[in-house]
Each structure stands twice: as structure tokens, then as C-alpha cells.
Amino acid sequence: MADRSVDRYLRDLKEDVRDLPKAQQRELVGEITEHIDSALAEMPAHTEADVRNVLEHLGDPADIATEARERLGIHRAKAGLREYVAVILLPIGGLIIPVIGWIVGLVLLWSSPVWTSRDKWIGSLIIPGGLLLPGELLLYGGSVCSNTSVNGQVATDTCASASGCASSSGDGGVRSRRGSTDRDRHLPRAPSERALARLRRMP
Amino acid sequence: MPRMVDPGTKQTSPLTAQLRRGVLEHCVLAMLEKGERYAFDLVRDLANVEGMVTSEGTIYPMLGRLRRDGAVESSWQESPAGPPRRYYRLTSKGAGALEEFRGEWIRFRDAVDRVLSGGERHG
């Protein structure tokens, strides 16, 4: 029982310090773990309340992470208008202004200091940017692909890899759409969910 | 006790936070002046000084910073019971920084005191 709250605490801490350099993450989590171990070792017969007390004295993991960031001179930027507009434009911007809307979303995404490069790749290729792009391209007659497809297949391939959907082929909208949906379903969800969770936590 | 941080909203001015950080680092150095100390005890003692820190956990990033700056060093030592313990020790660089801070602090404190008491007189 007691161990579970310690585990939860350390898990929260690890999550909160994810944007620190790896060495500092290990160091900090290691020291906090030692602190908890030392505190509990002083009370061999500790109760759940004792454990809670130890964790309360340590403080909110988010505060520890903030302190570490400031000590390291890392500034976590806060999400502002740019970030919200990017998140709106990436999935539906292409529906408002075909292709251009999505590209503007992409530019906003990549110019934002809030997200890590990893987040940006996820945002571009999977969620929210990549998921609807193949559909949008088909919806608008593949405006990017077909407009440029002088020699059909090559241009389509380039386009498909850019949207993170390797299976879209130029022949027949329905089949190609189903193909991309299947593929999307098999894409790893966990990283994109974490990226969204991170965004949601932004003040 | 004058409260710099409201635990509800956690609003500390950046300047206050910076000032507090600088002072805190040197307080840690002072606590290590008489000899090396077990990290856990050091953190507990510092956290028990009223108004010094908001939580024990936030002291660890500061210790990491001091270590990277070369003001302190840490080593593992066997403990009579339980896992090995991490001990912190002042380096000569840290001792020098502490001496410098002492002089600065006294001058700064006296200057602030003079201004504050002067303000009271005129106000």
C-alpha cells in the first residue's frame, strides 16, 4: 500500500523531469529515491500516513522539476496563441484553406518553443497533423499530389512519405483511404497521447 | 514569519526567487563548513530552518547545481545499516565562494538595514 504511493510519486517525478538532460534526470530521480528510502529506513514500522508525510515534505514533483529546470537554466515555454492555433490548424486547417491551412499549422508547430523535436515529429506525422492529411488530400482530389504528378507514381510516393502514410497510392480514392486508415490504426498511440497530455498540462 | 511564497498560488516574484536561490546555495555551503554531511540529514536540516525552502525536494536540484559548479563534491559511504549513503563535502572552491558571500552579505544586509530604518524615520 505504502509502496504504491511512493511508486506513484516517483512516476510523476520522472514524467515531470522528462525535458531535462538524461544525466540530470537520472541524478535527480536517484537522489529523491534515496531520500525516500532513507526517511522510511528511519521508521521501520512506518504506516501509510508516515509515507504520506515523507512525500509531503518532499513536495510536489512538479515543483522539484521547476526548480531543476531553473537551476539548469532551462526555460519551459508556456503554450500561447501560436500553440493553440497550430493544434487547431493541423487537423482541420486543410479543410478551411486546402493544404495551405495545414502548412501554416505545420510552420506554427515547428516554430514553437513549447514542444520538443520529438513532439513536433509526432505532431507532423501522426497526431494531430498527420492523421487527417491523407484524407484531406483525397477529399480535395489530392491537390498536392495530382497537381504535381507529371509522372504519376513518383510524385505520389513523395507526397505519401511526407504525410507519414506510406500506403496511399494514386489508384482509386476509396481503397487508398481505407489503406491509410488501417495504417493509422497501427501507428503507436502512446507517444502521441503523451504529446497531447503534455499540451493539456500547459497552463 | 514573512511569507514569500503563497502555497496556494505559488506566486514568487522572479527577483525574490533568484535572490532566495543565491542565498540558499551559500547557506548550504555554510552548513558543510564544519565537515561532510549525509545528504539526507543536510536536506532535513535545511528544510527545518523556518522560511528557507518550500520543500525538501527542491533542495536536490540545488545540490546538483553546486556539484556541477565544483563548490561541493559527493561520495558514497557504507552505512552500518541499509544501503550506502551519499555524503556532501565542501571543496576549496566552495569554501572560497562562502567566504566571499559572507563579506558581501554583511555589507548588503547592513546597507538594506540602513535604508529600511532611514525609510522608517522619514515615513
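The values are calculated or read from the model by the stated rules, or taken from the named source; none is laboratory data. Because the structure is predicted, anything quoted here is derived from the model rather than measured. Reconstructed Cβ throughout: ideal geometry from the backbone, glycine too, with neighbour counts over all protein chains shown. Please note that ligands, DNA and RNA were not included when accessible areas were found on the heavy atoms of the full protein model with its side chains. Shrake-Rupley method; radii C 1.70, N 1.55, O 1.52, S 1.80 Å.
Just to be sure, is residue A:63 more than 24 Å from residue B:85 (Cβ to Cβ), modelled with pLDDT under 90 and open to solvent by less than 50 Å² (accessible area, probe 1.4 Å)? When the stated conditions are applied, residue A:63 does not pass them. Of all residues in the range B:10-33, those satisfying the criterion of being within 22 Å of residue A:35 (Cβ to Cβ) and more than 10 Å from the chain's Cα centre (by Cα) are B:10, B:32.
Within the range A:8-26, is even one residue among the β-branched types (Val, Ile, Thr), part of a helix (DSSP H, G or I) and within 14 Å of chain B (Cβ to nearest Cβ)? No, the conditions are met nowhere in the range A:8-26.
Taken as a whole, the range A:85-94 holds no residue that is on the phi > 0 side of the Ramachandran plot, free of Cβ contacts under 8 Å to residues at least 60 places away in the same chain and open to solvent by 30 Å² or more (accessible area, probe 1.4 Å). Hey, any hits in the range B:39-46 for a residue that's more than 10 Å from chain A (Cβ to nearest Cβ) and open to solvent by 40 Å² or more (accessible area, probe 1.4 Å)? Scanning the range B:39-46 turns up at least one residue that is more than 10 Å from chain A (Cβ to nearest Cβ) and open to solvent by 40 Å² or more (accessible area, probe 1.4 Å). Summed over the range A:108-127, residues that are within 20 Å of residue A:98 (Cβ to Cβ) and either among the acidic types (Asp, Glu) or at pLDDT below 75 (or both) total 0. Checked against the criterion of being away from every other protein chain (no Cβ under 14 Å) and either farther than 26 Å from residue B:25 by Cβ or surrounded by 15 or more Cβ atoms within 10 Å (Cβ to Cβ) (or both), the candidates A:39, A:79 yield just one match: A:79. Could you tell me which residue of the range A:47-60 is nearest to the other protein chains (Cβ to nearest Cβ), considering only residues that are part of a loop (DSSP other than H, G, I, E, B) and crowded, with 16+ Cβ neighbours inside 10 Å? Looking at residues that are part of a loop (DSSP other than H, G, I, E, B) and crowded, with 16+ Cβ neighbours inside 10 Å, I get A:59. For the range B:47-71, filtered to residues that are among the polar types (S, T, N, Q) and open to solvent by less than 60 Å² (accessible area, probe 1.4 Å), the residue that is nearest to the other protein chains (Cβ to nearest Cβ) is B:55. For residue B:91, the requirement of being under 19 Å from residue A:70 (Cβ atoms), crowded, with 16+ Cβ neighbours inside 10 Å and among the polar types (S, T, N, Q) is not met. Going by what's in this entry, would residue B:96 be described as open to solvent by 30 Å² or more (accessible area, probe 1.4 Å) and on the phi > 0 side of the Ramachandran plot? Answer is no for this residue.
Screening residue B:86 on (1) in a helix (DSSP H, G or I); (2) at the interface with another protein chain (Cβ under 9 Å from one of its Cβ atoms); (3) basic (Lys, Arg) shows it passes everything except condition (1). Filtering the range B:57-111 to residues that are under 13 Å from the mean Cα position of the chain (by Cα) and closer than 24 Å to residue A:41 by Cβ leaves B:58, B:59, B:60, B:61, B:62, B:63, B:64, B:72.
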